[in-house]
Structure formats: C-alpha cells, structure tokens
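Undergrad: Structure incoming, see below.
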C-alpha cells in the first residue's frame, strides 16, 4: 500500500458522492493531532491486515441470543 | 441533608414510605446540590425543576423508585425537555415523547431532574465538551470524569442524583463509573430497549445505569429489563430477577482470570486491588480458573471500523445542514468514516461474530470474568496521551482499554469501586458474565462490594 495523500482523499471526495470535508479534517487524517483517530494511515494499514485474514464462512454479527452451556 | 444525597435508593425509599421525608424535600435537596455545584462543574445541561417538584408533590409511593430523583445522559429523548446530544447541532431539539427507559422509570414514580452532559454525541471517552464544558472528576477537579457519559457518572458521585442513565458503546458507562467511584452497569446487548435514545453506533450501543451500589443496579435492571416490541434490537427473553438472587451463595461459581491483555500495562495499585478482589472471591468459595481470551490485537480497529460509518450514516442528514456546528474532533471522525470501504465494515462485523464465538467458548468454562475496570486512574484534564505501566496511548483508548471488547461481544458487564488510589482517585474492578446472565453478574458484584464497600463520597 502507498502512503495516503491528502490530495488523494480530496480527489475521492470530488469524484464520488460524499459529504464535503474541510481542509482541516483531511489534514487530521494524514497528520493526526486529536488522538481519537490515532493515525488514519495506521487504520488503513491495519484494515489491510484484516482484509487478508481467512474468515471462512463466518457471517457478520447479528443480534445476540441467550446461550446454553454444552451440558445444559 | 449531606447524608441524604449520598443515600441509596432503598434507604431513600424507606424514609419516604415511613414519612420521615417528603418527596418534595428530597427533590429539593438534590436540586440544591445541583445549584451549588453545577456552575463550577457542568454536570447538567438542562433541568426540569418545576415539573420535578410538581411530580414529587403528587407522587404515590407504590414502588421502591417512587419519589426517587434521577437524571439521564442528554442522548435520551425526553418529552418537553431539550435533548441536545451534547452538541450545538441539536441544541434546540425538543422531543414529543420520552425514551422507553425513561417511560418505565416514570411509570414507577421516579422523578426526572434533568439531562446530563456528555462527550458530543458519545463520540469519545474523555468527556471533553467544548460547547457545554467538560465535566471534571468529583474527586479532583484537575482530572477527567471520563466519558462519554461524564455528567451521569458525576451526578451520582457528587450526590446530585440518586441514580442516572447513560449509554455504553465502548465503555461509556463502565469507564466513567470506574473513574468517579460509582457502580456502572452495561447489561447484555439487546436486553434493554434503546428506543428514544439518540444512537451513536447501532451495533455497539447499550443502555446503562449509574448507581451508588450494586443493590440499586439490580433494582434498575429489574425495572428496565423489559422487552420492547417496538425496538427491533431488543431481545425477547425471560430473564430471572436480579434482586432475588443478589445475596445467593457464590460457592462453586467459576471465576475466569484472563491470562492475556486484561492485566497488562495497568496501574500497580489498581492491579493489586483487582488481585485482592480475586482473593476474596476465592475465600468465599468461588473457583478461580485462568482463561485464554481471544487475541485483542485488532479489537480497537474493528470497533472503530463499525463505529465511524454508522455514526456517519446517522448524522448524514445533520451534516448536510449543520456540518459547521459539530466539533472539529467529530468532523474528523466523519471524514475518516467516509473512506472506510464497505468490505472493511462487513469484515469488521464478521470479526465481531468471531469474537462472540471465541468468548462463548470461554463462558462454556466459567460463570464470570474479572478484570480491572480501567488500567488507569482519571487522567488530567487536557491530556491527549496517557502513559500507564510502560504503555503510551490516547487518553480515550486508555480509559476504555478493558471495556470496549465486551460491547462487541454484547456480554453484560459491571464496574464497581475497589477503594481509593494513593492519589485519592477511585479505582475499580470489572466483572463480565455470560449473555443475559445479569443475575449472576450482580450476585458476584454484590458479594465483592461487601469486601470493598462503596466509595467514600468526594470531599
């Protein structure tokens, strides 16, 4: 993966249907200061690691249901 | 009145029913406390004093909650009273009806006092709020109360409310409760209706309670744990009474001690108190079993990958018209949410299903897990990064490090005080139970509270 560039993000917003983002918000994604998104680049890198995991037939999580222990 | 505002629901109810106290005097005592403290510490965003006193005057003492004043996080819709979400975006929003949980409490005669401050729309765990002010820690005003339900935790800790409602998406009830020295309960995902609560992330949002002790938490659980057919996320079960089993013998209960992650990089005093808790449970006859938890390597990213697109989706309408009214912090989160791909989101939800299956295998072997509540004491206000036992991380991540996993799995969890740290700030322990087994969770928590007591009120 290439490092994400602010210009790339800006072009994505221009060329796809998205909510508008200010310059400061895009800047926060490539050079984070606020702590909650502790590096958008790091997030993308980790998402790429998750993308290649073999998950087999595992479905998405839905509503939780009461469980029974095996002996019950 | 000082002792009165720190009394639990059972004691207050007893005084009301024995005519030692009137509901109006009780409500007045709490409002006086709010009047004294709220100008310095913005715990309440709004109040409904006139209506509350009117209701107190005519309350019928038919239930343990009758005449008991409470407050709720300003994400709960309340008829005729503003629901702001802690944001300028909804500053003038007034709902036409109460959230279902507020309705249930009012039906039993509980009296709504007002709405508590929070991290804007629950997006964050520090409780920092630039618009309504940041709620500070009841034990030290230079420290954070934690969040996102900062005001609800502080309201109970400071004796401004007898109990409070919050929401918990990654620890937003349990973590501030831990930092403020009160009991924070997050029931099973789907156990309590979310109807009428402004959402942050549908997949992870839970209703939760702040109380002075575990007994009060059990009472509220029994009142609020009612199936709501109008909330599609609510699960129809036949739960057992949490109050009925509160004092049950815990001999033979199996307590799981995570061997990975949950005791790492933790403040040594908090760790020591947690080990005392484990020792106490063992003395009472519980069986201690080391357990291997699922890998936590990617859990924060998985959680965030679900949170950001869901928050973006809910706020989409507001963003079109009121984008500039959101905090810079939240706008950056929305920006990130736009660049998360659909496959990332679905994959994250599949990983959550994997976590659920792995944790269920753990709960096939144990009844309850025990961990520290938070790895750290309340961080200083204006802190961005926190260092705890060799690990440096954003303050919000530190505060919710041990809690957020259980929002993904949906298991019921509670934090309760284990006394004061040498800094004078509260410490806590977290218990987690099998899905829909709040009764066992509260039974163990009640026994543990017998060892540590409730936190002494702040000076």
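Undergrad: Looking at the stretch B:233-378, what % of the alpha carbon pairs are farther apart than 24 Å?
TA: The share of Cα pairs beyond 24 Å in the stretch B:233-378 comes to 55 percent.
Undergrad: A follow-up question, please. Out of every Cα pair in chain B, what percent are spaced more than 39 Å from each other?
TA: 13
Undergrad: Let's test the formula: R0 of 30 Å, r as the Cβ-Cβ distance of residue B:97 and residue B:238. What FRET efficiency results, to the nearest 0.05?
TA: 0.65
Undergrad: How would B:93, B:131, A:2 line up from fewest to most surrounding beta-carbon atoms within 10 angstrom?
TA: The fewest-first ordering by Cβ neighbours comes to A:2, B:93, B:131.
Undergrad: Roughly what would the spin-label model give for residue B:297 and residue B:282, points 7 Å off Cα along C-beta, in nm?
TA: Between residue B:297 and residue B:282, the simple spin-label model gives 3.1 nm.
Undergrad: A further question follows. Using the beta-carbon distance between residue B:289 and residue A:14 and R0 = 45 Å, what value does 1/(1 + (r/R0)^6) give for FRET efficiency, to the nearest 0.05?
TA: 0.20
Undergrad: Have a look at the DSSP beta bridges in chain B and tell me what percent are antiparallel, nearest 5.
TA: 70
Undergrad: Just checking the output field for A:51-62: average partner chain Cβ neighbours within 10 Å of each residue's Cβ? Let's see the in-between values first.
TA: On the way: counts 4, 0, 5, 0, 5, 2, 1, 8, 5, 11, 17, 5.
Per residue, the number of nearby Cβ atoms from other chains is 5 on average.
Undergrad: If you don't mind, there's one more thing I want to ask. On C-alpha positions alone, give me the angle between the axis of helix A:6-15 and the longest principal axis of chain A, in degrees, nearest 10.
TA: Here the helix axis deviates by roughly 80 degrees.
Undergrad: When a/c reaches 1.5 or more, the comparison of a/b and b/c decides; with that in mind, is the protein assembly as shown rounded, prolate or oblate per its Cα gyration tensor?
TA: It comes out oblate by the Cα gyration axes.
Undergrad: Hey, what does the equivalent ellipsoid look like for the stretch A:1-68, semi-axes from the Cα gyration tensor as sqrt of 5 times each eigenvalue, largest first, whole Å?
TA: 31, 15, 15
Undergrad: Averaging the inverse of every distinct alpha carbon separation and then flipping it gives the Kirkwood radius. What is it for the stretch B:158-245, in angstrom units? Intermediate results must be reported in sequence, preceding the final value.
TA: On the way: mean 1/r = 0.0746 Å⁻¹.
Computed over the stretch B:158-245, the radius equals 13.4 Å.
Undergrad: Let me ask something additional. Residue by residue through B:352-358, how many Cβ atoms from other chains fall within 10 Å of the Cβ on average?
TA: 3
Undergrad: Quickly work out the residue B:231-to-residue B:317 label distance, labels modelled 7 Å from Cα along the C-beta direction, and quote it in nm with one decimal.
TA: The answer from the label model is 2.0 nm.
Undergrad: Please compute the average number of Cβ atoms from other chains found within 10 Å of each residue's Cβ in peptide B:359-365.
TA: Going residue by residue through B:359-365 and averaging, the value is 2.
Undergrad: Taking neighbour Cβ counts within 10 Å as the exposure measure, how do B:115, B:79 sort from fewest upward?
TA: B:79, B:115
Undergrad: Would you please calculate the Kirkwood hydrodynamic radius of the stretch B:353-459 over all C-alpha pairs and express it in Å, rounded to one decimal?
TA: 15.2
Undergrad: Next question, about the same structure. Using a 7 Å offset from Cα along Cα-Cβ at residue B:249, what residues in the stretch B:266-310 end up with backbone N under 13 Å from the label point?
TA: B:284-286
Undergrad: Counting other C-beta atoms within 10 Å, which of B:45, B:257, B:340 has the fewest, and how do the rest follow?
TA: Values: B:45 26, B:257 17, B:340 21.
If I rank by nearby Cβ atoms, fewest first, I get B:257, B:340, B:45.
Undergrad: Let me ask something else about it. Round to the nearest 0.05 the FRET efficiency obtained for residue B:202 and residue A:67 when R0 = 22 Å and r is the Cβ-Cβ distance.
TA: For R0 = 22 Å, the calculated efficiency reads 0.50.
Undergrad: I've got another one for you. Could you work out the relative contact order of chain B, using alpha carbon pairs under 8 angstrom and six or more residues apart, expressed as a whole percent?
TA: Result for chain B is 17 percent.
The numbers here are math on the coordinates, done by the rules we state, and not lab data. Since the model is a prediction, treat every value here as computed from it, not as a measurement. Neighbour counts are summed over all protein chains in view; Cβ atoms, including those assigned to glycine, are modelled from backbone coordinates with ideal geometry.
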